[in-house]
Amino acid sequence: MYALVLVHMTCAVLLVSSVLLGDTAHGAERTRPVRIGALTESWGPTPAIVGLRDGLLELGYHENEQFVLGVRFTQGDLAALPAAARDLVQYEVDLIFASDIPAAKAAQMATTHIPIVFAGLGGNPVEMGLIQSYAQPGGNITGVVNLDVELGPKRLEVFRDLVPGLHRVLFPYDPTEASSMAAVRGYREAARSLGLVLVEQTVQTQAEAQATLGKVRKDEVDGLLQPPHINWNIPGFIVETARQQGIPAMFDDVFWAEQGGGLASYGPDTYASGRQAARLVDKILKGTKPAQIPVETNSKIEFVINLKVAKALGLTIDPVVLFQANRLIR
């Protein structure tokens, strides 16, 4: 199973010292590196976490001298995030980095004094109760939002242009997750205007996600759409189904297109979100409170097509669509 491959590859990353941090607040001397605890429901370091590390390095921070980074992940289990966040607090990290909405909410519940920086959030952090306003976040949290949910209708349009004859598109999602609910509303409206049929399938456990996607057949749907988050390993099961059944799959994160199961990805560059968040971390380490650091938006969008997958699916992609891609995986 795809999830087991990911777990096997990253199971040693639970609290690994592998990132940067910089000057301490107000120039005070530190006797140890700053501890950054990264929190995610993924199976290991996400592109946003890698981007944070690289961004700090570019700012001149020295890994293992001025900072260390520990990654705490819950392997697709949202319910485990609060306990993982409390573990980071007990570990006495100096800053928590959350790579998505559920992780940010869990960190917010775990501490009111440790600075929290989020990156790659789709949706409105004010409506989610994370911050008071973009200009003055308040509390101990700030970060970078992206346009994931807002890009949903365009993603579906690009999917239609990629796959001749696309009509029925399966969208499996967790109805308890806020950004997934926002995404499905956008997809419903877009599907109607594009003349497509959105086949909605709700799942609320990993076993249910695996069973549901394991039953999907090529004669039932023409394409698969990824929900905004990786909870219950839904994207991993989509990749598995796409490979086994020969169904085109569209993702919002390039990671899945690079794995060889997704036909394409269209969405925010989450690595860039992490790099952008590094500047906010830098400000905090130099003494500025998160409450005073405006939340920023990452507007960088990435459209990637995996030509190997297209060939395996027997698809001939319109040259105009190929020209629009930022990158082609050959």
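The values are calculated or read from the model by the stated rules, or taken from the named source; none is laboratory data. Everything quoted here is computed from the prediction, not taken from an experiment. Here the Cβ is made from the backbone with ideal geometry for all residues, glycine too, and neighbour counts use every protein chain on show. Surface areas here come from the heavy atoms of the whole protein model, side chains and all, with no ligands, DNA or RNA. Shrake-Rupley method; radii C 1.70, N 1.55, O 1.52, S 1.80 Å.
Key figures
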| item | result |
| --- | --- |
| Failed item in (1) outside any loop (DSSP other than H, G, I, E, B); (2) closer than 19 Å to LEU198 by Cα, with ILE247 passing the rest | (1) |
| Lone unmet requirement of (1) open to solvent by less than 10 Å² (accessible area, probe 1.4 Å); (2) over 20 Å from THR176 (Cβ atoms) for LEU81 | (2) |
| Flag for ARG86 being of a type in the set (Lys, Arg) and without any contact (Cβ under 8 Å) to a residue 40 or more places away in the chain | yes |
| Selection within the range 248-288 - without any contact (Cβ under 8 Å) to a residue 60 or more places away in the chain and open to solvent by less than 10 Å² (accessible area, probe 1.4 Å) | ALA249, PHE251, GLY262, SER265 |
| In the range 56-86, the residues that are over 24 Å from HIS113 (Cα atoms) and assigned to a helix (DSSP H, G or I) | LEU57, GLU58 |
| Residue within the range 95-102 that is over 26 Å from GLU150 (Cα atoms) and open to solvent by less than 10 Å² (accessible area, probe 1.4 Å) present | yes |
| Residues satisfying the stated conditions in the range 287-313, i.e. assigned to a loop (DSSP other than H, G, I, E, B) and at pLDDT below 95 | ASN298, SER299, LYS300 |
| Pair list, Cβ under 7 Å, 6 or more apart: the range 151-180 residue on the phi > 0 side of the Ramachandran plot, other residue open to solvent by 20 Å² or more (accessible area, probe 1.4 Å) and not β-branched (Val, Ile, Thr) | GLY165/ASP222 |
| Condition met for GLY195 (in contact with a helix residue (DSSP H, G or I) (Cβ under 9 Å, 6 or more places away or on another chain) and modelled with pLDDT of 95 or more) | yes |
| Qualifying positions in the range 276-330 - of a type in the set (Asp, Glu) and within 19 Å of PRO125 (Cα to Cα) | GLU296 |
| Qualifying residues in the range 87-116 (those that are in a loop (DSSP other than H, G, I, E, B) and at pLDDT below 90) - the one nearest to VAL184 (Cα to Cα) | ASP100 |
| The one condition in (1) free of Cβ contacts under 8 Å to residues at least 40 places away in the same chain; (2) touching a Leu at 6+ places or on another chain (Cβ under 6 Å); (3) of a type in the set (Gly, Ala, Ser) that GLY223 fails to fulfil | (1) |
| Candidates PHE303, PHE323 - the one that is over 22 Å from GLN66 (Cβ atoms), of a type in the set (Phe, Trp, Tyr) and exposed (fewer than 14 other Cβ atoms within 10 Å of the Cβ) | PHE323 |
